[in-house]
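Colleague: Here's a structure for you.
FYI, it's all coordinate maths here, none of it is from the lab. Nothing here was measured: the structure is a model prediction, and the numbers come from that model. When we count neighbours, we look across all protein chains shown, and the Cβ atoms used for this are built from the backbone with ideal geometry, even at glycine.
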Amino acid sequence: MNNIGNIYRETGRWDLALRFYRNALLSDASNRLARINLATGLVKFGRFDEAMKHADMLARIANDDVRVLNLNGFILYKQQKFDEALIYFHKGIELEPLSQHLLVNLGMTLSRMGCFKNAAFFLNLAVKYHGMKAASYFSAIQNLSIFDKKAELNTMVDRLFTRFSIESIQLALTDASNNQDETVFDPEIVSCAITDRFNEFPHEFE
């Protein structure tokens, strides 16, 4: 049931995905992955209270599972409860220091709290160890853009251009825009920063 839900999730049919995640839990209430997927889907629909109930259930039985800690933090982040989200992300990082999701989520939480340098530390680690994923760069770019670190921002965007083609960057941003409720960065802010840099040197990266 969970796997069928994942198929619908990948095709954007979240309504059907949630139905199969629920059915998976009816068959086996201890199915941790199905409950994580269900809670994630509920966040997409803005049903934070219901999502948090499932996250709390998971936390009671698996408080050392980084996926569960990340989920709890993510739900709180989406409600702009950054102080509370930070607690879960920190716990997750202690267990898995190089998790891409935790590094990005922790970094963006600190960024939203106005802690630029602390945010940059974790976001730079995400780029260093997960540079094959554009989302790592996007989060770092947003942090640098918000805090007006022009030179560092240009360097980060240049690194992105070096690693990925323009087409793949555009595709990743489009995907992020279509699934913005599943990300912690703002695709519009990132897109503007990338476009500004590209327009400074319109032929250099073609």
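Colleague: Apply 1/(1 + (r/R0)^6) to the Cβ-Cβ distance of Phe121 and Glu188, taking R0 = 35 Å, and write down the FRET efficiency to the nearest 0.05. Write out the running numbers ahead of the final one.
Modeller: On the way: r = 25 Å, r/R0 = 0.71.
After rounding to 0.05, the efficiency reads 0.90.
Colleague: Okay, moving on. Where does the charge balance sit around Asn63 when Lys and Arg score +1, Asp and Glu -1, over other residues with C-beta under 13 Å from its C-beta? Numbers along the way, then the final one.
Modeller: Values: positive: Arg32, Arg60, Arg67, Lys91; negative: Asp56, Asp64, Asp65, Glu94.
Here the count lands on 0.
Colleague: Assuming 1.567 mPa s and 4 °C, estimate D for the chain with Stokes-Einstein, Rh taken as the Kirkwood radius over Cα pairs, in µm²/s.
Modeller: On the way: Rh = 17.8 Å.
Answer from the Stokes-Einstein relation: 73 µm²/s.
Colleague: Would you mind calculating the gained length between Ser27 and Arg163 on full extension (0.36 nm times residue separation, minus the Cα-Cα distance), in nm to one decimal? Walk me through the numbers before you get to the answer.
Modeller: Details: separation 136, 0.36 × 136 = 48.96 nm, distance 4.43 nm.
Result: 44.5 nm gained on full extension.
Colleague: Continuing with the same structure: Say the cut-off is 22 Å between C-alpha atoms; which of Lys91/Lys149; Lys44/Lys128; Lys91/Lys150; Lys81/Lys128; Lys81/Lys117 go over it? Let's see the in-between values first.
Modeller: Working: Lys91/Lys149 29 Å; Lys44/Lys128 29 Å; Lys91/Lys150 32 Å; Lys81/Lys128 28 Å; Lys81/Lys117 20 Å.
Beyond 22 Å: Lys91/Lys149; Lys44/Lys128; Lys91/Lys150; Lys81/Lys128.
Colleague: Where the Cα atoms of region 97-206 are projected onto their three principal axes, how long is each span, largest first, in whole Å?
Modeller: That gives 37, 28, 23 Å along the principal axes, largest extent first.
Colleague: Once R0 is set to 25 Å, what does the formula 1/(1 + (r/R0)^6) return for the Cβ-Cβ distance between Asn178 and Arg60, expressed as a FRET efficiency to the nearest 0.05? Don't skip to the end; give the middle numbers.
Modeller: Numbers: r = 34 Å, r/R0 = 1.35.
Efficiency, from the Cβ-Cβ distance: 0.15.
Colleague: Using just the helices of the chain, give the 222 nm mean residue ellipticity in deg cm²/dmol: DSSP H runs with n ≥ 4 each add -39,500 (n - 2.57), and the total is spread over all residues, rounded to 500. Could you put the intermediate results ahead of the total?
Modeller: Numbers: 12 runs with 158 residues, N = 206.
It lands at -24500 deg cm²/dmol.
Colleague: Starting from the Kirkwood Rh over alpha-carbon pairs, what translational D in µm² s⁻¹ does region 1-81 have by Stokes-Einstein at 20 °C and 1.002 mPa s?
Modeller: Numbers: Rh = 12.4 Å.
Estimated via Stokes-Einstein, D reaches 172 µm²/s.
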